[in-house]
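Right, one structure below, let's go through it.
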Amino acid sequence: MSNLLLVTILLGFVSFGYVYGRKYALAAGKKGGDIHKLHSRPAYHGMLIALWCGLPTLLILFVWQLIEPSIITSMIISSLPDTFSSLTPGPRGLILNDIRNLAQGLHFGSTVDPELLHASDYYLQLQQTGKNIKSASVIVIGIAALLVGFRHFSPGLRARNHVERIVRYFLICCSLIAIFTTIGIILSVLFEAIRFFQKIPLSEFLFGLTWSPQTSIRADQVAASGEFGAIPVFAGTMLISAIAMAVATPIGLLSAIYLSEYASKRMRAVAKPLIEILAGVPTVVYGFFAALVVAPFIRDAGASIGLQVSSESALAAGLIMGIMIIPFIMSISDDVINAVPQSLRDGSYGLGATKSETVKNVIIPAALPGIVGGILLAVSRAIGETMIVVMAAGLSANLTANPLQAVTTVTVQIVTLLVGDQEFDSAKTLAAFALGLLLFIVTLILNILALYIVRTYREEYE
Amino acid sequence: MLQTLSSTTPPVIESGNQTKTRARVSRDDRNTAGHPFVDKPRMSCRDVNVYYGDKKAINSVSIDIAENEVLAMIGPSGCGKSTFLRCLNRMNDTIAICRVDGTIKLDDQDIYDKKIDVVPLRAQVGMVFQKPNPFPKSIYENVAYGPRIHGLADAKTELDAIVERSLIKAGLWDEVKDRLDQPGTGLSGGQQQRLCIARAIAVGPEVILMDEPCSALDPIATATIEELISELKLQYTIVIVTHNMQQAARVSQRTAYFHLGDLLEVGQTDKLFTRPSHQLTEDYITGRFG
């Protein structure tokens, strides 16, 4: 019986449990004369029986799926001759793969080792048995759970409370998945980074002024010895982010002020979605726009006034990244400005202040903490942005403050380090994880700062 | 005074000999009874209509506001008294769908004239709102806000003097003089409202509009504000909207009764509360509805 069929049957059990559980409870309530004697509404009784049947069987099915392959593998290994069990894990895995391929009818080469053939038969047989046991046990347990559920029923059963508790556990599980994923990502980055720091000292990484990660993979290769000073890379990130924020902050903030204070309702209804479309443009599109249109334009414009501009420049990437961030800042500022109570505006207008005086002296100061929080969130976004800088900013890790030169950023370096042939015990590859960890720490600090500022702001008005 | 009012009002209704002395206006009449006009008005309003979109909120209201008087506006919720109050310094301009016609004059100058700028108008006709709304700035900055934007003070010392004078007039100086640099939002509700009054006084208005200034305050803070109003009327003309009829009786010289967008009766406060002319006024002040 396939898993799909099995799950369908289980769903049938569950719906049966719900429908008849509900009817059963309803009938029992009516027979008792007073339906209010039931502790919970009939639907909750039905729901409880359905959950009672569905949860354990689905859990068994899930756990079985997880552990079945390893059980079968170990049984096959023990069935093979002793010469096999003395093999190292590598060749043993190859032989196991052969057995699995044979079992699926794939075999390469003309002759097949009879022992392997025998093992593959055994493998198929084990799989079939496993399937049968699984189907039988799931169906039997499902029916048994249904019966127990109906037997368990009594008018005083606190079905609603049980169902609510199960729902709560389910919700907790959902949020735990997100939390554990985050922890998993952090740990995997952290462990690889620790391996990197075993090869390259932390101080060299944090304070070194040269970034040239090209090391030789093979002994006979000619390559640089590799220098892993993260400062030029982070300087590039900071330079491009600063340019981006210099573009996005004034434009985003001023357009938010226009939209929330000056624009008519119709203007707002048209303009706001239009600006928010910017947020929907894929960054890769921004990237080639920056690389193919903006960067050459800046280079030509620079050349026409006698400036030496490289064709991939921090300025081009920063400008386009700034445009990408505008809707972020605008949207957050707009919300914050709208959250400033109307009574403050009235108070200011009532004193004879004009609109711009009110905006400048009352609304912006009142909204400032929220706006700053929004800007910091946008900075983390700028720091983590990859695609635009890969295309438009270049790869050379120059330590420069000149926006007309090519620079590189942390994210670009991570991409280039991990693209192509990898060797996970070389410092070159592991450097990507160290960079990632440092980047993560920087953006985490920015986010915490932003949240802290936003929270302080909230306290002021409630 | 409050006691006498509430105890004398019901007998008036029943005593036959007094009812003869007063002109009874039936419930259906929508004209203004009493005496809406005065000899030398500070502000005069004629046939003022206010519309929110298609809905008419104020229906042909004509009333004068005399110099140095406190005019109280009472009436059930939604009767248009706040809307009318906001016409007097054109605060309704900030509401896009609101339209005002008729004439409202301040010292013989039509305030809805196209040549009139709202900025000096609002400096002349100040406003205090229902909920205390100090800016999230220091106490000093709250009061200095108006004089700054109107350029009333050249030097810091001059501004200091204006702030001190306004806070003294608002009866708040002694409580805050040692902490002028602290946020105005940190004051108590009653203090915040007096700060807002000081803020309005600081720009040197002639008329002060108060929109239920005590409705968010406790009785003690309310008593302080009412005392303050009695002092302020020596210098300013005050129009106050209130839901509290006892407050209207305590602080005002004249009272106007609004009902569903109509101004039904205007009269001397003691007369309006003891011998109302309009039947609906009587219903309202005796608590038959509202």
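Think of a 1.4 Å ball rolled over the protein heavy atoms: the range A:3-157 then has 62 Å² of accessible area per residue. Any chance you could check the range B:117-147 for residues losing 20 Å² or more of accessible area when the partner protein chains are in, compared with the chain on its own (1.4 Å probe)? Flagged in the range B:117-147: B:VAL119, B:ARG122, B:PHE129, B:ASN133, B:PHE135, B:PRO136, B:LYS137, B:TYR145. I want to make sure I understand the PRE zone here: with the label point 7 angstrom from the Cα of A:HIS36 toward its beta carbon, which residues in the range A:152-193 have backbone N atoms less than 19 Å away? Residues A:155-160 qualify, since their backbone N sits under 19 Å from the label point. Quick one: if the Förster radius is 22 Å, what FRET efficiency do B:ILE168 and B:GLU227 give, using the C-beta to C-beta distance and rounding to 0.05? Calculated value: 0.95. The candidates B:THR103, B:THR242, A:THR249, arranged from most to least accessible area with a 1.4 Å probe in the full protein assembly, appear as B:THR103, A:THR249, B:THR242. What the Cβ-Cβ distance of A:ASP335 and A:SER188 gives, at R0 = 41 Å and to the nearest 0.05, is a FRET efficiency of 0.70. For the range B:109-258, the share of DSSP beta bridges that are antiparallel, to the nearest 5, is 10%.
Per residue, the accessible area of the range B:27-168 comes to 46 Å² when a 1.4 Å probe rolls over the protein heavy atoms.
Remark: the Cα gyration tensor places the protein assembly as shown in the oblate category, a/c being 1.5 or greater and a/b not exceeding b/c. Accessible surface for A:TRP52 stands near 120 Å², nearest 10, in the context of the full protein assembly shown (1.4 Å probe). Multiplying the residue separation of A:GLU204 and A:PHE288 by 0.36 nm and removing their Cα-Cα distance gives an extension gain of 26.8 nm. Once the chain from A:SER396 to A:LEU254 is taken as fully extended at 0.36 nm per residue, the excess over their C-alpha distance is 47.6 nm. Of the residues in the range A:342-384, those shielded by at least 50 Å² of accessible area once partner protein chains are present, compared with the chain alone at a 1.4 Å probe, are A:LEU344, A:ASP346, A:TYR349, A:GLY350, A:LEU351, A:GLY352, A:ASN361. Simple spin-label estimate for B:ILE95 and A:GLN128 gives 8.3 nm between the two label positions (7 Å along the Cα-to-Cβ direction from each Cα). Counting protein heavy atoms only, chain B has 49 percent of its accessible area on carbon and sulfur, 1.4 angstrom probe.
Between the range A:57-84 and the range B:156-187, the alpha-carbon centres lie 82 Å apart. Considering the range A:211-461 at the alpha-carbon level, its Rg and Dmax are found to be 21.5, 81 Å. May I ask you to list the lysines whose Cα is less than 20 Å away from that of B:LYS114, ignoring any residue fewer than eight positions away on the same chain? Leaving aside lysines fewer than 8 places away in the same chain, those within reach of B:LYS114 are A:LYS355, B:LYS105. Within the shell of other residues whose beta carbon sits under 14 angstrom from the beta carbon of B:ARG148, the net charge comes to -1, with Lys and Arg scored +1 and Asp and Glu -1. Computed with the Debye formula from one identical point scatterer per Cα of chain B, without solvent, the log10 of I(q)/I(0) at q = 0.13 Å⁻¹ comes to -0.90. List residues of the range A:312-329, by number, whose backbone nitrogen lies under 14 Å from a label position 7 Å along Cα→C-beta of A:LEU404. Answer for the range A:312-329: A:312-316. Using a probe of 1.4 Å, the accessible surface attributed to B:ASP181 totals some 120 Å² when neighbouring protein chains are kept in position. Listed by chain and number, the lysines whose alpha-carbon sits under 21 Å from that of A:LYS199, ignoring those within fewer than 8 places in the same chain, are A:LYS428. Around A:THR129, what is the net charge, scoring Lys/Arg as +1 and Asp/Glu as -1 over all other residues with Cβ under 13 Å from its Cβ? Within the 13 Å Cβ shell, the charges total 0.
At R0 = 41 Å, how high is the FRET efficiency between A:ALA279 and A:ILE231 if r is their beta carbon distance? Nearest 0.05 is fine. Given R0 = 41 Å and the Cβ-Cβ separation, E is 0.80. Among beta bridges from DSSP that stay inside the protein assembly as shown, the antiparallel ones total about 55%.
To put it simply, the accessible area of the range A:3-157 at a 1.4 Å probe is 68 percent carbon and sulfur.
Report, ordered by chain and residue number, the lysines lying within cross-link reach of B:LYS177, taken as a straight Cα distance under 23 Å and ignoring same-chain residues fewer than 8 apart. Filter leaves B:LYS137, B:LYS156, B:LYS169. Per residue, the accessible area of the range A:211-461 comes to 44 Å², computed with a 1.4 Å probe over protein heavy atoms only. Computed with a 1.4 angstrom probe on protein heavy atoms, the A-B interface buries about 1500 square angstrom of accessible area in total.
The values are calculated or read from the model by the stated rules, or taken from the named source; none is laboratory data. Worth saying up front: this structure is predicted, and the values here are computed from it rather than measured. In this analysis, Cβ positions are derived from the backbone assuming ideal geometry, glycine residues included, and neighbour counts consider all displayed protein chains. When the accessible area is computed, the model is the full protein with side chains, heavy atoms only, and any ligands, DNA or RNA have been set aside. Shrake-Rupley method; radii C 1.70, N 1.55, O 1.52, S 1.80 Å.
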